[in-house]
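Colleague: Attaching a single structure in structure tokens format; questions to follow.
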Amino acid sequence: MTGTFERTQTLREWLTDNEPSSRTQARFGRAYLSWRSLSRNPLAMLGLIVVVGLILVAIFADQLATQSPFIGGDLRTERLQPPSAEHWLGTDSQARDIYSRLVHGSRLTLMIVVLVTVIAMPVGLLIGTVAGYAGGWLDSVLMRITDIFLAFPRLILALAFVAALGPGIENAIIAIAITAWPPYARIARAETLTIRNSDFIAAVRLQGASTPRIIARHIMPLCLPSVIVRVTLDMAGIILTAAGLGFLGLGAQPPMPEWGAMIASGRQYIIDYWWVATMPGIAIFVVSLGFNLLGDGLRDVLDPKAAR
Amino acid sequence: MKIVKALLAAGAILALTLLPTRAVTPDDTLVMASQIDDVITLDPAEVFEFSAAEMVGNSYERLIGYDLDDVSDIFGVVAESWEVSEDGKTLTFTVRQGKTFASGNELTAEDVVFSLQRALKLDLSPAFILTQFGFTADNVEEKIVQTGDYEFTFEMDQAYAPTFVLYCLTSTVASVVDKDLVLEHEVDGDLGHEWLKRNHAGSGPFAIRQWRPNEAVVMERNEHYEPEVPLARVIYQHVPESSTQRLMLEQGDIDIARDLGPEELQALEQLDGIKIQSGVKGGLYYLGLNQKNEYLSKPEVRQALKYLVDYDAIADTIMEGLAEVHQSFLPTGLLGSVEDTPFSLDVERAKELLAEAGLAEGFSITMDTRNTSDITGMGEAIQQTFAQAGIDLQLIPGDGAQTLTKYRAREHDIYIGRWGPDYQDPHTNADTFAANPDNSDDAAAKPLAWRNAWDIPELTKKTQSAILETNTEERARVYEGLQREVMDRGPFVIMFQEIEVMAMQDNVNNFIIGPSFDSNEFGEASKD
């Protein structure tokens with residue numbers, strides 16, 4: 001009859017069980033506790049709502065947009081219109097609906113953030129853990145390379161890469177990714193140094209595990225939380241760098257509704273037609289703030305040293 | 001008590017600074033906000049830039065001038081009269097007496113001959129305007145010869161149309177420099193070039209006193225100029241942002257704002273005390289279609305693209321007040337200019353033409369677009385109308401130097417750009433739009449037709465024969481034919497002619513916006 005008893009146990013009790021009966025239960029339990037502490041932080045929740053909102057807007061952009069983001073209306077009559085019932089956020093200098101462009105621009109923003117993360121995080125993690133675990137000359141070489149990348153201001157380095165690769169959104173993503181990984185490598189290395197000499201690593205090594213296996217299965221998972229926190233906090237920076245490149249004409253090419261490029265094209269009208277540059281500016285502000293708040297909240301939850 | 005007084009004083013200062021104040025420039029000084037970052041030299045033998053050409057135009061005098069309202073009316077400025085020899089190859093000029101340089105030296109034929117010889121010997125970018133007549137650095141001393149205190153001869157290798165020769169002598173490169181003053185500053189036989197780059201040795205209404213790169217140019221009245229110049233000083237202030245120029249004008253910090261967009265001009269037009277003045281310029285906005293591209297080399301495609309630009313809508317909105325529709329390669333005002341505009345947005349017609357070319361499905365192509373607001377704005381509008389006929393136009397943004405370098409190496413598909421005539425004779429544009437003597441990659445001459453790889457031996461011959469036609473009416477007819485031919489099958493979608501607009505304080509009078517970049521004149525301008 002124990003089985004029945006366990007089934008009547010509520011989901012909450014199962015998750016908070018002090019003696020989990022399986023690894024899965026333990027994992028879910030941890031996740032649930034993290035979520036509980038995150039949800040107690042209202043600012044982090046606000047950030048989460050913004051980020052989830054961004055993802056939803058990007059997914060349903062076609063349904064949410066009222067007009068085409070690329071093809072404008074009549075240049076003579078629908079250009080630079082103020083916000084109205086027909087054009088919620090007004091129209092730009094090519095008579096395009098700014099609201100629809102913002103909605104479609106969220107896809108670009110999300111794409112940039114995700115791709116940069118996907119490229120930069122594994123690279124940083126790998127370099128950092130290898131350097132930290134191997135030590136010696138390999139550590140020195142990898143960390144000096146990291147130092148070289150860190151020595152340049154990020155936007156300047158990204159600018160140099162884009163100038164070399166040619167303007168375009170793909171190249172902007174590559175350039176930002178190239179400039180984004182060094183901090184992750186630093187953090188991963190620092191974490192690795194603190195755990196490489198611990199007993200459980202020694203135990204794994206005594207059991208005959210190879211170096212790659214130790215790094216991949218035992219060190220990386222422990223470095224991951226702090227790197228994730230750092231990446232989330234960086235996302236605002238990534239968005240701003242992408243917007244900066246777009247503003248300078250080196251990111252997305254027209255007519256792509258990239259937010260930074262939209263601000264750049266609205267700049268010359270800012271005194272008389274404030275909405276053209278302001279709306280994408282607000283969008284960048286809200287999304288960057290959202291990522292920052294979420295990152296802060298995640299740090300409180302995931303960082304083992306800060307916790308309790 | 002001391003503290004109270006100090007507080008009172010501080011309060012008074014604060015109150016004063018918070019009061020809205022309106023600055024005023026001095027009555028005898030004209031201050032302009034302008035983008036003068038293009039100035040690299042002030043030597044008339046080298047100047048080829050828009051801003052510098054205007055400064056030189058107001059501080060030097062040229063042999064010949066033309067009526068700014070009617071370009072076809074040419075008259076002597078430094079030259080009092082001229083005679084053409086029997087064989088049409090030699091011109092004898094008489095120099096006007098009584099002219100004086102800003103330095104106080106008298107202007108004689110010696111200075112004129114020196115100036116022309118100097119331009120040819122230095123052989124800098126604008127020298128080609130004079131080398132067209134068969135002069136070289138080596139033969140110029142025998143060909144341009146002083147024959148009296150106020151007389152010299154000008155001997156060419158062929159009997160060119162006299163109007164063509166005279167128009168070339170209206171250009172900046174034919175400015176007269178003060179021989180004695182320039183030679184005083186000669187270093188290692190450079191004919192004073194290094195010195196003149198930053199200084200002035202002319203006889204125009206103003207003398208250039210100071211040039212601080214990317215900051216300001218200060219010009220002062222030439223006391224020796226006749227008739228007396230009303231303004232004592234003209235200052236160009238470098239202000240790159242157009243919105244800053246607008247605010248400065250509204251606050252009275254400047255008298256004229258030179259680089260405003262259509263929206264800013266509209267807003268300023270509403271204000272009291274500010275007026276807008278505009279003048280039609282010779283600059284043309286056009287698309288260059290590279291004939292190395294498999295799609296663009298088809299005549300039907302070239303024709304179709306000419307029907308896929310919404311000329312009127314762009315001129316009425318994005319370029320409002322800054323451009324008017326113009327579709328022939330000679331701007332309005334030049335001899336023989338064709339004024340009709342046969343092309344307008346016609347998507348159906350364009351689709352038919354594309355179908356004839358076997359491209360009913362459309363195609364994908366790139367356009368190099370300079371990242372200034374006007375060019376990008378036009379580019380995006382064209383992108384939308386091209387898309388209506390299934391042509392996927394990708395804009396490649398870049399700064400002016402990037403796009404131009406690519407264009408000059410003819411590595412583009414489509415290039416959107418601006419072309420300004422070098423002098424007021426139709427040959428200046430015909431020579432570039434309708435002549436391509438050698439279409440090979442390492443050709444010596446690289447006109448626009450070459451840049452777009454348009455191989456036209458027949459048309460080139462016609463263009464080259466036109467400068468030898470001495471009958472002006474017949475010559476105009478030749479140019480009309482050339483324009484129609486380029487319009488019909490050329491790789492150029494010529495769209496607009498440029499209009500220069502300035503916003504100025506109401507009290508500025510007699511500032512003249514001329515048809516070319518070196519003919520914006522403020523010698524007679526005044527403030528009241």
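The values are calculated or read from the model by the stated rules, or taken from the named source; none is laboratory data. Here the structure is a predicted model, which is why all the values come from computation and not from measurement. Using ideal geometry, Cβ is built from the backbone for each residue, glycine included, and neighbour counts are taken over all protein chains shown.
Colleague: Which members of region A:234-266 meet the condition of being farther than 18 Å from residue A:158 by Cβ and part of a helix (DSSP H, G or I)?
Modeller: The answer is A:262, A:265, A:266.
Colleague: Going residue by residue through region A:237-251, is there one that turns out to be closer than 26 Å to residue A:143 by Cβ and either aliphatic (A, V, I, L, M) or within 13 Å of another protein chain (Cβ to nearest Cβ) (or both)? Can you show your working first?
Modeller: In the first step, residues of region A:237-251 are kept if they are closer than 26 Å to residue A:143 by Cβ; the result is A:237-238, A:241.
Filter once more, keeping what is either aliphatic (A, V, I, L, M) or within 13 Å of another protein chain (Cβ to nearest Cβ) (or both): A:238.
Among the residues of region A:237-251, at least one is closer than 26 Å to residue A:143 by Cβ and either aliphatic (A, V, I, L, M) or within 13 Å of another protein chain (Cβ to nearest Cβ) (or both), which makes the answer yes.
Colleague: Going by what's in this entry, would residue B:326 be described as modelled with pLDDT of 95 or more and closer than 23 Å to residue B:512 by Cβ? Outline the logic, then answer.
Modeller: Working: modelled with pLDDT of 95 or more: yes; closer than 23 Å to residue B:512 by Cβ: yes.
Yes.
Colleague: Further, regarding this structure: Pull up region B:350-400, narrow it to residues that are of a type in the set (Asp, Glu) and outside any loop (DSSP other than H, G, I, E, B), then point me to the one that is farthest from the other protein chains (Cβ to nearest Cβ).
Modeller: To start, the set of residues in region B:350-400 that are of a type in the set (Asp, Glu) comprises B:352, B:356, B:361, B:368, B:374, B:380, B:392, B:399.
Applying the additional criterion that residues be outside any loop (DSSP other than H, G, I, E, B) yields B:352, B:356, B:368, B:374, B:380, B:392.
Values: B:352: 22, B:356: 26, B:368: 11, B:374: 10, B:380: 5, B:392: 11 Å.
Across region B:350-400, the extreme among qualifying residues is B:356.
Colleague: Within region A:84-106, how many residues are under 15 Å from residue A:63 (Cα atoms) and out of contact with any His (no Cβ under 8 Å at 6 or more places or on another chain)?
Modeller: 7
Colleague: Here's something else I'd like to know. Taking region A:233-248 only, how many residues are crowded, with 23+ Cβ neighbours inside 10 Å and in contact with a Ser or Thr (Cβ under 9 Å, 6 or more places away or on another chain)?
Modeller: Going residue by residue through region A:233-248, those that are crowded, with 23+ Cβ neighbours inside 10 Å are A:234-235, A:238-239, A:241-243, A:245-246.
Okay, now just the ones that are also in contact with a Ser or Thr (Cβ under 9 Å, 6 or more places away or on another chain), so A:234-235, A:238-239, A:241-243.
Residues in region A:233-248 being crowded, with 23+ Cβ neighbours inside 10 Å and in contact with a Ser or Thr (Cβ under 9 Å, 6 or more places away or on another chain): 7 in total.
Colleague: Could you tell me whether any residue of region A:22-33 is hydroxyl-bearing (Ser, Thr, Tyr) and surrounded by 14 or more Cβ atoms within 10 Å (Cβ to Cβ)? Steps first, answer last, please.
Modeller: Within region A:22-33, the subset hydroxyl-bearing (Ser, Thr, Tyr) is A:22, A:24, A:32.
Filter once more, so that each one left must be surrounded by 14 or more Cβ atoms within 10 Å (Cβ to Cβ): A:32.
Yes, region A:22-33 contains a residue that is hydroxyl-bearing (Ser, Thr, Tyr) and surrounded by 14 or more Cβ atoms within 10 Å (Cβ to Cβ).
Colleague: I've got another one for you. Go through the residues of region B:224-231 one by one and say whether even a single one is out of contact with any Ser or Thr (no Cβ under 9 Å at 6 or more places or on another chain) and in a helix (DSSP H, G or I).
Modeller: no
Colleague: What number of residues within region B:253-288 are more than 14 Å from chain A (Cβ to nearest Cβ), touching a strand residue (DSSP E or B) at 6+ places or on another chain (Cβ under 7 Å) and part of a loop (DSSP other than H, G, I, E, B)?
Modeller: So the count comes out to 4.
Colleague: Can you tell me which of A:76, A:23, A:30, A:40 is basic (Lys, Arg) and closer than 26 Å to residue A:100 by Cβ?
Modeller: Working: A:23 fails: closer than 26 Å to residue A:100 by Cβ; A:30 fails: closer than 26 Å to residue A:100 by Cβ; A:40 fails: closer than 26 Å to residue A:100 by Cβ.
None of the other options fit; the residue is A:76.
Colleague: A follow-up question, please. Scan region B:184-203 and tell me whether some residue there is part of a helix (DSSP H, G or I) and more than 20 Å from residue B:59 (Cα to Cα). Working first, answer last.
Modeller: The first filter runs over region B:184-203 and keeps only residues part of a helix (DSSP H, G or I), leaving B:184, B:193-196.
Keeping just the survivors that are more than 20 Å from residue B:59 (Cα to Cα) gives none.
No, region B:184-203 contains no residue that is part of a helix (DSSP H, G or I) and more than 20 Å from residue B:59 (Cα to Cα).
So that you can scan it fast, the table gives a plain yes or no per residue for (1) surrounded by fewer than 17 Cβ atoms within 10 Å (Cβ to Cβ); (2) under 20 Å from residue B:342 (Cβ atoms); (3) in contact with a helix residue (DSSP H, G or I) (Cβ under 7 Å, 6 or more places away or on another chain):
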residue	(1), (2), (3)
B:449	no, no, yes
B:457	yes, no, no
B:482	no, yes, yes
B:486	no, yes, yes
B:508	no, no, no
B:511	no, no, no
B:516	no, no, no
B:523	no, no, yes
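Colleague: When you look at residue B:485, is it part of a helix (DSSP H, G or I), over 29 Å from residue B:352 (Cβ atoms), more than 14 Å from chain A (Cβ to nearest Cβ) and out of contact with any Gly (no Cβ under 8 Å at 6 or more places or on another chain), yes or no? Give the derivation first.
Modeller: Values: part of a helix (DSSP H, G or I): yes; over 29 Å from residue B:352 (Cβ atoms): no; more than 14 Å from chain A (Cβ to nearest Cβ): yes; out of contact with any Gly (no Cβ under 8 Å at 6 or more places or on another chain): yes.
No.
Colleague: Answer yes or no as to whether residue B:17 is among the β-branched types (Val, Ile, Thr), at pLDDT below 75 and surrounded by fewer than 20 Cβ atoms within 10 Å (Cβ to Cβ).
Modeller: Details: among the β-branched types (Val, Ile, Thr): yes; at pLDDT below 75: yes; surrounded by fewer than 20 Cβ atoms within 10 Å (Cβ to Cβ): yes.
Yes; evaluated as a whole, the condition is true for this residue.
Colleague: Another question, then. Has region B:505-526 got any residue that is assigned to a helix (DSSP H, G or I) and either at pLDDT below 95 or among the charged types (D, E, K, R) (or both)? Steps first, answer last, please.
Modeller: Keep residues of region B:505-526 that are assigned to a helix (DSSP H, G or I), which gives none.
Checked against the condition, which is being assigned to a helix (DSSP H, G or I) and either at pLDDT below 95 or among the charged types (D, E, K, R) (or both), region B:505-526 yields no hits at all.
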